Amino acid sequence: MSTVALIPAAGRGERLGAGLPKAFVDLAGHSMLHHAVRGAQASGVVDALVLSVPLDLVEQVQSQFPEVIVVAGGAERSDSVRAALAAAPASDVVLVHDAARALTPPSLFADVVAAVTAGAPAVVPGLPVVDTIKSVDPAGAVTGTVDRGPLRAVQTPQGFDAAMLDAAYAAASADFTDDAGLVEAQGIPVQVIPGDPLAFKITTPWDLRLATWLLHERARA
């Protein structure tokens, strides 16, 4: 079975405050996109990669990664995924991965692909929620404590049967920030498998400092 990985990387990432698209922010000498691409390639289960990036960066990224397909992304994440899907070669499994999860271990890609090939139409990695979660009203007053037992913080790569994901996007009429949410909305079951702490999303300057430290520690090991 063949697998294509899509990495939508056209987002601005304003919360990181770096003044450039988040996927292109430096992380220990390379962009976050570089780390995400190399992680997918190191997994041994990805046969082709499609990156969707800002239009003005397509040529630059293509020259940096001549072995992958690079297309222009859109204003919303779902637009970027659609563009990548349209350019992707035929496959059995599609992975959608967030470039901001730049430290995701290659083994997690393999675990997701294995779960899809075993028969799950949609698979997401996730971790149990460890913090106490409170619901609050508009004034900030606590209205209740949420049972965290059944909760999972989901990560990427998210994996899908390729034909199912194509059909789901063709039928979608709204924008989704999460591909699993798109297929859930169409009644398709989504399987959660164990995630990995290293697959955290780099969203804030603190996250970037943590990721940089972890990469330096890895290099020293």
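The values are calculated or read from the model by the stated rules, or taken from the named source; none is laboratory data. Please read these numbers as outputs of a predicted model, since none were measured by experiment. Glycine gets a Cβ as well: all are built from the backbone with ideal geometry, and neighbour counts include every protein chain shown. Surface areas here come from the heavy atoms of the whole protein model, side chains and all, with no ligands, DNA or RNA. Shrake-Rupley method; radii C 1.70, N 1.55, O 1.52, S 1.80 Å.
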For the chain, dividing by residue count, accessible area per residue (probe 1.4 Å) in Å² works out to 48
Cα centroids of region 70-90 and region 114-148: how far apart, whole angstrom? 28
Given just the C-alpha atoms of region 70-193, how large is their convex hull per residue in cubic angstrom? 152
Give a residue-ordered list of calculated ³J(HN,Hα) values for region 153-168 (Karplus: 6.51 cos²θ - 1.76 cosθ + 1.60, θ = phi - 60°; whole Hz; x for Gly, Pro). 8, 7, 10, 10, x, 9, x, 9, 4, 4, 5, 5, 5, 4, 5, 5
If one builds a Gaussian network model of the chain from Cα atoms under 10 Å apart, the most fluctuating residue listed among 56, 175, 147 is 147
Apply 1/(1 + (r/R0)^6) to the Cβ-Cβ distance of residue 204 and residue 72, taking R0 = 22 Å, and write down the FRET efficiency to the nearest 0.05. 0.20
Once 130, 71, 96 are ranked on solvent-accessible area with the largest value leading and a 1.4 Å probe, the list reads 130, 71, 96
Phi-derived 3J(HN,Hα) across region 61-73 with the Karplus relation (6.51, -1.76, 1.60, θ = phi - 60°), rounded Hz, x for Gly and Pro, is 5, 4, 6, 6, 10, x, 8, 10, 9, 10, 10, 6, x
Residue with peak Gaussian network fluctuation, the chain [Cα springs, cutoff 10 Å], from 23, 36, 185: 185
To the nearest 0.05, the calculated FRET efficiency linking residue 170 and residue 2 through their beta-carbon distance, R0 being 30 Å, is 0.90
Dividing the helical contributions, -39500 (n - 2.57) per DSSP H run of n ≥ 4, by the residues of the chain yields a 222 nm value, nearest 500 deg cm²/dmol, of -10000 deg cm²/dmol
Taking placed amide H atoms and a strict 5 Å upper bound, the residues 5 or more places from residue 52 or on another chain that come that close are 7, 9, 71
Karplus-derived 3J(HN,Hα) from phi for region 182-194 (6.51 cos²θ - 1.76 cosθ + 1.60, θ = phi - 60°), whole Hz, x at Gly and Pro, runs 4, 6, 4, 4, 9, x, 8, x, 10, 9, 9, 10, x
How much length is gained on full extension from residue 141 to residue 58, taking 0.36 nm per residue of separation minus their Cα-Cα distance? 25.2 nm
Cα-derived Rg over Rh, computed across region 39-129 with Rh taken as Kirkwood radius: 0.97
What Kirkwood Rh does region 22-77 have if only Cα atoms enter the pairwise 1/r average? Answer in Å. 11.9
